Amino acid sequence: LQMTRKIIDVGGGSGAFAFAMLRKNAAIKATIFDLPNIIPLTKKYIQTSGFSDHVDTVTGDYLADDIGNGFDLVFMSAIVHINSPEENLLLIRKGTEALNPGGQLVVLDHIMNDDRTEPAVGAYFALNMLVGTLHGDTYTENEIRSWMRDAGLVEVELKVTPSGNQLMVGKKA
């Protein structure tokens with residue numbers, strides 16, 4: 001996060017990830033983008049976070065509304081599983097357009113192997129998405145990689161954190 005100065009957490013809800021990034025680099029300015037019924041709760045979390053001077057909010061629907069621009073990092077946690085493949089391509093294109101050159105787009109989600117059997121938690125979660133959403137599913141590394149490449153991102157890679165979280169990371173040329 002050394003070169004990262006301006007971030008947006010799309011679907012950022014409570015702001016937990018933005019606050020974690022700010023704890024690592026207090027020079028960051030963060031924007032949390034979420035739905036109209038979520039942002040009032042987000043603002044309450046911001047007030048108690050100690051980061052009120054570093055975090056703002058934008059209300060909107062990431063599929064219907066502009067998410068802004070000029071960001072060094074676009075972070076999307078636990079949202080691609082809600083959408084159809086076509087919606088995710090649109091979302092990742094919007095995220096790419098919001099990036100400064102050299103900026104990164106990060107997707108944190110259950111990222112499945114090609115036969116959709118691993119990780120097991122993601123396979124079970126896909127059943128939950130089948131029941132609980134119109135179009136949701138868990139997606140493979142290759143599916144997410146193709147959306148990122150189609151959106152113009154380069155150096156796309158899967159990163160697994162020590163705790164097992166899976167991130168797809170792409171860079172805007």
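The values are calculated or read from the model by the stated rules, or taken from the named source; none is laboratory data. Everything quoted here is computed from the prediction, not taken from an experiment. Only protein heavy atoms, including side chains, enter the accessible area calculation; ligands, DNA and RNA are left aside. Shrake-Rupley method; radii C 1.70, N 1.55, O 1.52, S 1.80 Å.
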Given H placed on each backbone N at 1.01 Å, which residues far from G60 in sequence or on other chains put an amide H within less than 5 Å of it? D34, L35
Counting only the heavy atoms of the protein chains, how much of T140 is accessible to a 1.4 Å probe, in Å² to the nearest 10? 10
Exposure rank, largest accessible area first [T138, T57; 1.4 Å]: T57, T138
Residue by residue through region 153-159, which ³J(HN,Hα) values in whole Hz follow from phi under the Karplus form 6.51 cos²θ - 1.76 cosθ + 1.60 (θ = phi - 60°), with glycine and proline marked x? 7, 10, 6, 6, 8, 8, 10
If each DSSP helix of 4+ residues adds -39,500 (n - 2.57) and the sum is divided by the residues in the chain, what number results at 222 nm, nearest 500 deg cm²/dmol? -10000 deg cm²/dmol
